[in-house]
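Asker: Please find one structure pasted underneath; my questions will follow.
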Amino acid sequence: MKEEMQRLTARYHTLRQNMLETSAIYKKLHQLARQKKPGNDKPLLTPQLWEQIKRQAETVYPGLRRYVINRCPDLNDSEWAYCCLYMFGFDTNDEATLLNINPTSVRTKTLRLRQRLGIDLSDQLSLYEFIAMQI
């Protein structure tokens, strides 16, 4: 029974990831992350894209907002938006490109989000994996 539950959980995780990766917003973000614009001083994400990111994250992870707000009721809008982007599973460099910040700053944003949510992780588990298992 335990093995079956683990298989079903893994399958569910794969299905959610596939839902994200086949979405129009994921494809748009992936395309934007691959563009290198020398001299660009603005984030590539517009307010409209941020709204689509939040909507898609809440569609694929329906318990995400409730889980995050329960862990940190005073989470601000930009932290919530970043949490949604984070759930898309982009690597640090792609996130840095999308946000037009240094990859080190992306790692700092992730660390701060983890701290705000009060999540202490082992080295073997990422914040993404932890949250995905909880919701």
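Asker: Could you tell me which of His13, Asn70, Leu32 has its Cα farthest along the dipole of the chain towards the positive end, charges placed at Cβ (Lys, Arg +1; Asp, Glu -1), taken about the Cα centre?
Answerer: It is Leu32, whose Cα lies furthest towards the positive end.
Asker: In whole Hz, what ³J(HN,Hα) sequence does the stretch 115-131 give by Karplus (6.51, -1.76, 1.60; θ = phi - 60°), x for Gly and Pro?
Answerer: Values, residue by residue: 5, 4, 7, x, 10, 9, 10, 7, 5, 7, 10, 8, 4, 4, 4, 4, 5 Hz.
Asker: Here's another thing I want to ask about it. What are the ³J(HN,Hα) couplings of the stretch 107-114, residue after residue, when phi is run through the Karplus curve with 6.51, -1.76, 1.60 and θ = phi - 60°? Round to Hz, x for glycine and proline.
Answerer: Per-residue couplings from phi come out as 4, 5, 4, 5, 4, 5, 4, 4 Hz.
Asker: Here's another thing I want to ask about it. In degrees, nearest 10, range 0 to 90: what is the angle between the Cα axis of helix 47-60 and the longest Cα principal axis of the chain?
Answerer: 10 degrees
Asker: Using amide H atoms built 1.01 Å from N in the peptide plane, name the residues 5+ places from Leu45, or on other chains, whose amide H lies under 5 Å from its own.
Answerer: It is none; the list stays empty.
Asker: Could you run the Karplus curve 6.51 cos²θ - 1.76 cosθ + 1.60 with θ = phi - 60° over the stretch 19-36 and give me ³J(HN,Hα) per residue in whole Hz, x for Gly and Pro?
Answerer: 4, 5, 5, 9, 6, 4, 5, 4, 4, 5, 5, 4, 5, 4, 5, 7, 7, 10
Asker: Please work out whether the stretch 2-134 counts as rounded, prolate or oblate from its C-alpha gyration tensor, where a ≥ b ≥ c are the square roots of the eigenvalues and a/c under 1.5 means rounded, while otherwise a/b larger than b/c means prolate and anything else oblate?
Answerer: Prolate.
Asker: Among all the lysines, which ones have a C-alpha under 22 Å from Lys27's C-alpha, if same-chain residues fewer than 8 places away are not counted?
Answerer: Leaving aside lysines fewer than 8 places away in the same chain, those within reach of Lys27 are Lys36, Lys37, Lys42, Lys54.
Asker: By average Cβ neighbour count within 10 Å, what is the ranking of 85-92, 65-72 from highest down?
Answerer: So the peptides 85-92, 65-72, ranked by packing, come out 85-92, 65-72.
Taken together, the values in this text are just the output of simple stated rules run on the coordinates, not laboratory data. Source: prediction; values computed, not measured. Positions of Cβ are generated from backbone atoms using ideal geometry, with glycine treated the same way; all protein chains shown enter the neighbour counts.
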